[in-house]
Structure formats: structure tokens, C-alpha cells
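> A single structure is presented below for examination.
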Amino acid sequence: MTHQYQAQDVLVALRRIIRATDIQSKRIAKSSGLTIPQVMVLRSIGSLGDVTVKRLAEEVSLSQATVTTILNRLEARGLVVRVRSARDKRVVNAQLLPDGEVVLQSVPALLHERFIERFDKLPIVEQESLVDTLGKLAQMMDAEAIDASPMLDIAEATPTVIA
């Protein structure tokens, strides 16, 4: 097999990955009306309980400004509520509302969750090799400087998408 065909095989594999993330994003949006980042924030609130924007941002690897925008949308849909702490009025926590719990029950597993589960089963040497190889691919595609959170959602990379 020549190098040209191997390079083409790599590009085909990358297109499959991009397509899989696009299909996942559309499936989540169709089933829940939410974006993947919105689902991740909702799930984090569900698992963490009353939680600050700062803690949520750390949990989902997004900026506090992005999480605030997501919370605004989730709150407008009646899925979450923000309340001031009784102990410290400067602290505002997000809480999951009953409708938010209902939505969470209907959302299918996210692609990255299955990926992490499968990746964790690989031997450490294979994990390190994949990370190294993908880092090199990102460099070859001039993508190493692109800010990307550790969630598989190509829609997040496009500035026209609303969180």
C-alpha cells in the first residue's frame, strides 16, 4: 500500500469520526431539543446537586461565560433554576427542576461517554499511542491551536452555533 492510499485511509477515518459526532448531535437535538453541551450541563447539575457556575464549568470543561449562557437557556425552558445560597448571598447555585429530570431520563448516552468507557479498557500503552498519534494528526491539520473541550461535538467548533 502506498503512502497516498494510507493518507487517504486516515482522512476517511477522520471523516467517519466527524460524521459520527454530527449524527450524535442531531440525534440528541431531535430526542431532547438540547445541544450536547446543554445535556452535559444538565447531567452535571443532576449528579452534583446544587452547584455553582464555576464548579459546572470545571466539570464540563467549558468557560463560565458559556455555562452561564447554557444555564440561561435551560432556565428559560424550565429545566433548571438558579437560587442564592441561604448561607452566602453572593453564591448562586443551579438546581435541576422536575422537568429537567424528565428530560435527562430521555436523553440517550452521549458518544463521548461510550468512547471513554471503551478507551479506558485499552492497555495504557495503546492509550498513550492513540493520544500521541491524534496529537500529530491535529498538528498536520493545523488544528492544535483550536480550543476544544473534551466532548465529541463538532457543533461546538462552529461559532454560529448557539450554546
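> Hey, what's the chain come to in accessible area per residue, 1.4 Å probe, Å²?
66 Å²
> Which of these, PRO123, PRO37, PRO108, has the largest mean-square fluctuation under a Gaussian network model of the chain (Cα springs below 10 Å)?
PRO123
> While we're looking at this one, here's another question. Once the Cα atoms of the chain are picked out, what are the Rg and Dmax in Å?
Calculated on Cα positions, Rg and Dmax stand at 18.4, 67 Å.
> A further question follows. Within the accessible area of the chain, what % is carbon and sulfur when the probe is 1.4 Å and the other protein chains stay in place?
C and S fraction of accessible area: 57 percent.
> Along each of its three principal axes, how wide is the spread of alpha-carbon positions in the range 1-74, in whole angstrom units, largest first?
Principal-axis extents of the range 1-74 (Cα, largest first): 56, 26, 20 Å.
> When the solvent-accessible surface of protein heavy atoms is calculated with a 1.4 angstrom probe, in what order do SER106, SER44 fall, highest first?
Listed by decreasing accessible area, they come as SER106, SER44.
> Of THR69, THR21, THR133, which has the largest mean-square fluctuation in a 10 Å C-alpha GNM of the chain?
Result: THR133 has the largest fluctuation of those listed.
> Give me, ordered by chain and number, the residues 5 or more places off THR52 or on other chains with an amide H under 5 Å from its own placed amide H.
ALA94
> Projecting each Cα onto the charge dipole of the chain (Lys/Arg +1, Asp/Glu -1 at the beta carbon, about the Cα centre), which of VAL60, VAL102, GLN24 comes out farthest on the positive side?
Toward the positive end, the furthest listed residue is VAL102.
The values are calculated or read from the model by the stated rules, or taken from the named source; none is laboratory data. Quick caveat, the model's predicted, so the values are computed rather than measured. All Cβ positions, glycine included, derive from the backbone under ideal geometry; neighbour counts span all protein chains shown. Protein only, heavy atoms only, side chains kept; ligands, DNA and RNA dropped before computing areas. Shrake-Rupley method; radii C 1.70, N 1.55, O 1.52, S 1.80 Å.
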